[in-house]
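The values are calculated or read from the model by the stated rules, or taken from the named source; none is laboratory data. These numbers come from a predicted model, not from an experiment. Neighbour counts are summed over all protein chains in view; Cβ atoms, including those assigned to glycine, are modelled from backbone coordinates with ideal geometry. Protein only, heavy atoms only, side chains kept; ligands, DNA and RNA dropped before computing areas. Shrake-Rupley method; radii C 1.70, N 1.55, O 1.52, S 1.80 Å.
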Amino acid sequence: MQEFTIERFWIRRLSVADGKISRSSKERPGWEYVDHGLDTFLEAPLKLASGYDSNNVLDPEQSNVILVSAPGAVGKSTLARQIAFEAKAVLFDLAKAGCVGDNTISGGLFKMKLAEKFQQGHVPLIIDGLDEARMKVSQDSFKDFIQDIVDLINDSQQNCRPIILFGRTSAVDETWFWLSEFRITAPVLEIGYYDEEQATKFAKIQAKSIRQEDNEREPDGRAIKLILSKLRDHLLRNNDNFSGYAPVLMAVAKQVADPKDSDDKNTARLIVDIESGRQEITLPSITDAILSREQKKLDSLPFRDRTLCEKLYTPEEQVDRLISRIYGSQDVDIETNYLPCNLSEHDKNIYLNALENNNWLTEHPFLDGMGVKPSSEVFDGLLASKALTIEPFAAKALQREFDRDMKANPFLAEFYISRLEKEQELDSHLIRPSHVGILYASLRARLLQGGTTHLLIDMDEDESKLSVEIEISINNKQDNEQYFSFLTECDGHFQFGSQIENVRIDAPKAEVTVGCGRNQEAVFIAPVSIGVEKFNLKPDSIAVMESSRRQSADIDDNKLVYLESREFDSKYNHRLKLRGCPQLEIRGPMSKIYPWTEYTGKVSPSYSDDQINEAFNRLRKILLLFRAHAHSRGRLSKCVEAINKRRTRGLGGKVLEKLLYKRILYYEERKVFLDPNLLIKETGLHFHSVRTGELCEATESFLRQVIE
């Protein structure tokens, strides 16, 4: 297997002949010569992603463009900077630049007087922040940006060094799509998670850095190895990769290393607590341990009432104080909420003075050195998950998460769900409808290249609650599927950012809003199906496109975007663009408004027979649960638990029995698979007609057999 390391690959592919980079005396926003590497840098594994090259002809050794993909918070920007430093390449950080478009790269090279040297092959170029760039502009502007890169390559084919583009999974997907439209087939390299050995090494390096010591402490190494082992054991049940995330490893290092420790007693005590089972190891427990250690600062204060060392500066109080600092609100009185009513004036003054004068919050391990923002995405996810549930902060926290858009925090969902499990003793937890979109975005931020997510929001007419189902599937392991189930109000308002992909909403009483404002383009990536009471479309520019992922099964609705509502609200005349070959179908008042009129779908007839209608509704609810996963070789599958939830409702049990009897559905271990060919043969249903609710004679015949 080819090694895509800095030493064996990047230096050779990017370095110029004399080993010196051509520099310009001019500076432009975002353009940078990286003169220093990171002392704590440890390379994460890189591999060639599958699913983009059906003919196996893409070769990173020969390509003029190479895409580098990573889930959120894995460390793509750190790797981009380190490669630029060691390979002597120019780094263009799109997060620090203006909006991209036509001539962004060529114009930047020209203004820095590097255009001619680039064409001569003397300027290797690394571009970071595709996701940030995509968030700022419309799809047309982003397409122009890619066109500019393609023109640069075509104008300097013989001498050009490869242009390297870094971004999160979804941004790399879209970039690959546009490059292929311009007949440029680029390989995708994917940054993976640290393996067991690398993870331990990385955390040890971080611990040593936290202590500001030259040598590693032996107990630190033992504690880190033990924590990561326990964390991996826990995560095996969830099939996730948190134990290989750089921010998680930094949190582990902070749990172990305290820069003020002069001996190893605390580390030894930590090891004993973990080995004895007194301390569980999960991501929330790691952050709780850091908060508990911070509370120990009270031991040095001269309280008259020594019990205050356990009552004040608790983990809960610290989190609320940090939230108040980050999100800011005059309506939250922390002192009233957390200071005991019998607290003496003497002890109160000591405590408040210590908070203010000792900079406990400013220098808190959850915050950056300035005490203004979280120091890592792990701590940011924890604070955001709590802020969303505190009324004075909830609206600001929600807007902040929506503003992230394609840069969603991959850890928010972990803390949010963990908090629900602690606070609610239910199999299906109650959440706010407005939180579903950001939870889904957080889970999507964990995706490896080629992974899939699916969101289902489904309401049964005879129920007062919506069953909200969120699942994430990652194809780097055979059975790496996570499944989450929630409940929320049947008439709730669901909000999504600018991009909505692989989503089905069947909630006739609910309201859905897509996008945050006029200047933000909304992108629907098939398959999408929305059937609601009210549909709000905030942006004035809409793009509908098929997915660039190649792992989907050949199903007739995997290119379909279906929108239906009884009410439609938008202030603008939309600019509608179809990219690739998606199928767009509109029903309801939206279908009478230009430019949607061209895509009006037929109204499905309803049957007077209530039993037929009920049986068909149950049939649809069962069938629409299925979707293809890469690791199932394109077969349509679902976990057994999700199917069983619908077995005992109304005619659902009989419908399921018939589907199993006809072998349309069949079991394999803990999964149920669907045969789409048998579905068509026995019921006459294609997935398009299942999704849009269209019956035919064969369907009615099948349903009558079920009833009889």
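Among Lys225/Lys254; Lys348/Lys373; Lys386/Lys422; Lys47/Lys559; Lys311/Lys422, which pairs are too far apart, with a Cα-Cα distance over 18 Å? Pairs exceeding the cut-off: Lys348/Lys373; Lys47/Lys559; Lys311/Lys422.
For segment 136-188 versus segment 317-395, the inter-centroid distance based on Cα atoms is 44 Å. Would you mind telling me the share, in percent, of accessible area of the chain contributed by carbon and sulfur at probe 1.4 angstrom? Carbon and sulfur together cover 45 percent of it. Of all trypsin sites (Lys or Arg not before Pro) in segment 206-271, which ones are in loop regions per DSSP and have a Cβ with at most 11 other Cβ atoms within 10 Å? Qualifying residues, ordered by number: Arg237, Lys260.
Extent along the principal axes, Cα only, for the chain: 80, 74, 49 Å, with the longest axis given first. Taking GluC sites (Glu not before Pro) across segment 506-541, none is in a DSSP loop with at most 16 further Cβ atoms lying within 10 angstrom of its Cβ.
Taking Cβ atoms as reference points and 11 Å as the exclusive limit, the residues near Val74 contribute a net charge of +1, counting Lys and Arg as +1 and Asp and Glu as -1.
Here the Karplus curve 6.51 cos²θ - 1.76 cosθ + 1.60, taken at θ = phi - 60°, turns the phi angles of segment 442-455 into couplings of 5, 5, 5, 5, 8, 5, 7, 4, x, x, 10, 10, 9, 10 Hz, with x standing for Gly and Pro.
The mean accessible area for residues of the chain, using a 1.4 Å probe and ignoring ligands and nucleic acids, is 43 Å² per residue. Partners of Lys111 within straight-line reach, counting aspartates and glutamates whose Cα lies under 17 Å from its Cα and excluding those fewer than 8 residues away in the same chain: Glu27, Glu32, Asp93, Asp102, Asp148.
Computed on segment 189-274, the Cα convex hull volume stands at 93 Å³ per residue. In this structure the amide hydrogen of Phe166, modeled in the peptide plane, comes within under 5 Å of the amide hydrogens of Val68, Ile127, Asp128, Gly129, Leu130, none closer than 5 places in sequence on its chain. Partners of Lys671 within straight-line reach, counting lysines whose Cα lies under 18 Å from its Cα and excluding those fewer than 8 residues away in the same chain: Lys477, Lys621, Lys638, Lys645, Lys658, Lys662.
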